[in-house]
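Each remark here refers to the structure printed beneath this line.
The values are calculated or read from the model by the stated rules, or taken from the named source; none is laboratory data. Keep in mind the model is a prediction, meaning the values are calculated, not measured. Backbone-built Cβ (ideal geometry, glycine too); neighbour counts: all protein chains shown.
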Amino acid sequence: MKKRIMLVLPSTTYRTHAFMTAAAKLDIDLVVASDHRQALGALVPDTTLALNFRKLETIADRVYEFGQKKPIDAVVGVDDASAYIAALAARALGIPHNPVEAAEAARNKYLMRQKMEAAGLNNPSYQLLPVKKKASRLAGKVNYPAVLKPLFLSASRGVTRVNDAAEFAAAFQELKALLALPEVSGRAYGEEAAQILAEDYIEGVEIALEGILVKREFKALAIFDKPDPLEGPHFVETIYVTPSRLPGYVQREAVHAAHRAALALGLDNGPVHAELRINERGAWVIEIAARSIGGLCSQTLRFLPEMSLEELILRQAIGENILEVQRERTAAAVMMLPVPQAGILEAVEGVEAAKAVEGVEDVIITIPAGQEVLPLPRGGRYLGFIFARAEQPEDAETAIREAYRRLKVVIRP
């Protein structure tokens, strides 16, 4: 009998096609649950479910009613918010999934810090700051350098390093304005848009780690080096390269730290994406999420034999043993193309020249010309992605940098 998976998709995701392709390959029936009716319009009616992500109290009944007509074997989310919705849906259906409380902690950075502190992990000092308070009254309570961040946004959006009270005041006001935007506050639950997390800045080399939990056992899938320094004031993600060139013992420490952090949150099954910093005091988990790597970055990962990350996730969701699966041996890199300035995107020139670089697999521009763009920390989108593959990680990185050098971004202020 065919398995049926409910895939929870937000209105803004790049991942729909990849998951649908994986489901078709595995002959899995896919039910798409989304908060955006237009995203469902082109799909077959009895394979879709419209959910209101803003009204959590309505999720359980909607999902349970659907599950009575079409039994669901597993629920999978693709980003922080939909992973939380997926946990609520799975609980309503009575099928195995991460606990709702764990999924909630994985999308709320303050709850995350509390869980990791309670578990005795490396953890910076941190505190919750109400946006209604005056910045001048809060600046003296913070240890400098510090990092200010929203509780619920991803991709480094709003994350700012501050080195003194003056920088704190400016960043606090900027974050307050960001959280007041309807597009941002509309994603918050409870008081999340009325609070800012302040934590001590952690020195060190930053990496990203992709893994998957199977009944609390952790399988590391890839460690990505981040060769561009991320020292602030903003933390714009650019290049990821795998496999990591860090010493083996450092990589093992990072995997152990990510596993402990996942268990501290209460996660026990499904994909995990962690950001860590490594210094002389060990591995520090900056953030950990109950989802796979974001954007189109999953295209860097291929598993043997000819398996995408999305396929691996679906296989694990329906109970297949994926612990022996290995990533292909070639090195891979991706660059998330930053928005250099605010304005109207007129063109990204040189795409074909960038694609012609040896080792470059693709250059994908994801924002159409004519749209308004904002750089981080206020903006929340990248211009697109460059992908490269080579025998060695340094060659993949070199290809990415040369391709980026050939691009010219034209933005009208």
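Things to note:
- Residue 78 at pLDDT 95 or above, closer than 18 Å to residue 298 by Cβ and surrounded by 17 or more Cβ atoms within 10 Å (Cβ to Cβ): no
The rows are residues; the columns are (1) at pLDDT 95 or above; (2) farther than 22 Å from residue 278 by Cβ; (3) of a type outside the set (A, V, I, L, M).
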| residue | (1), (2), (3) |
| --- | --- |
| 198 | yes, yes, no |
| 201 | yes, no, yes |
| 226 | yes, no, yes |
| 241 | yes, no, no |
| 248 | yes, no, yes |
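Each row is one residue, and each column tells you yes or no for (1) within 24 Å of residue 296 (Cβ to Cβ); (2) in contact with a helix residue (DSSP H, G or I) (Cβ under 6 Å, 6 or more places away or on another chain); (3) surrounded by 22 or more Cβ atoms within 10 Å (Cβ to Cβ).
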{"site": "46", "(1), (2), (3)": "no, no, no"}
{"site": "56", "(1), (2), (3)": "no, no, no"}
{"site": "67", "(1), (2), (3)": "no, yes, no"}
{"site": "86", "(1), (2), (3)": "yes, no, yes"}
{"site": "107", "(1), (2), (3)": "yes, yes, yes"}
{"site": "120", "(1), (2), (3)": "no, no, no"}
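- Flag: residue 208 matches the condition of being within 16 Å of the chain's Cα centre (by Cα) and within 15 Å of residue 332 (Cβ to Cβ).
- Set side by side, the residues 401, 406, 389 differ, and just one is among the charged types (D, E, K, R), modelled with pLDDT of 95 or more, over 25 Å from the mean Cα position of the chain (by Cα) and not assigned by TED's automatic domain parsing to the domain that holds residue 13, which is 406.
- In the condition set (1) over 18 Å from the mean Cα position of the chain (by Cα); (2) among the hydroxyl-bearing types (Ser, Thr, Tyr); (3) closer than 25 Å to residue 277 by Cα, residue 156 is compliant with all but (1).
- Residue check for residue 139: in the same structural domain as residue 176 (by TED's automatic domain parsing), closer than 30 Å to residue 277 by Cα and modelled with pLDDT under 95: no
- For residue 120, the conditions (1) out of contact with any strand residue (DSSP E or B) (no Cβ under 9 Å at 6 or more places or on another chain); (2) in a helix (DSSP H, G or I) are fulfilled apart from (2).
- Residue 136 vs. criteria touching a strand residue (DSSP E or B) at 6+ places or on another chain (Cβ under 6 Å) and not in a loop (DSSP other than H, G, I, E, B): no
- Residues of the stretch 175-221 satisfying the condition of being on the phi < 0 side of the Ramachandran plot and of a type in the set (Gly, Ala, Ser): 177, 180, 185, 186, 188, 193, 194, 198, 208, 211, 220
- If you go through the stretch 360-382 and keep only what is within 16 Å of residue 154 (Cβ to Cβ) and in contact with an Asp or Glu (Cβ under 9 Å, 6 or more places away or on another chain), you end up with 376, 377, 378, 380, 382.
- Qualifying position, being closer than 28 Å to residue 149 by Cα and either of a type outside the set (Ser, Thr, Tyr) or crowded, with 23+ Cβ neighbours inside 10 Å (or both), among 313, 293, 322, 318: 293
- The residue that is surrounded by the fewest Cβ atoms within 10 Å (Cβ to Cβ), among those in the stretch 256-271 that are in contact with a helix residue (DSSP H, G or I) (Cβ under 9 Å, 6 or more places away or on another chain) and closer than 16 Å to residue 111 by Cβ, is 266.
- Among the residues listed as 245, 216, the single one being within 20 Å of residue 332 (Cα to Cα), basic (Lys, Arg) and touching a helix residue (DSSP H, G or I) at 6+ places or on another chain (Cβ under 8 Å): 245
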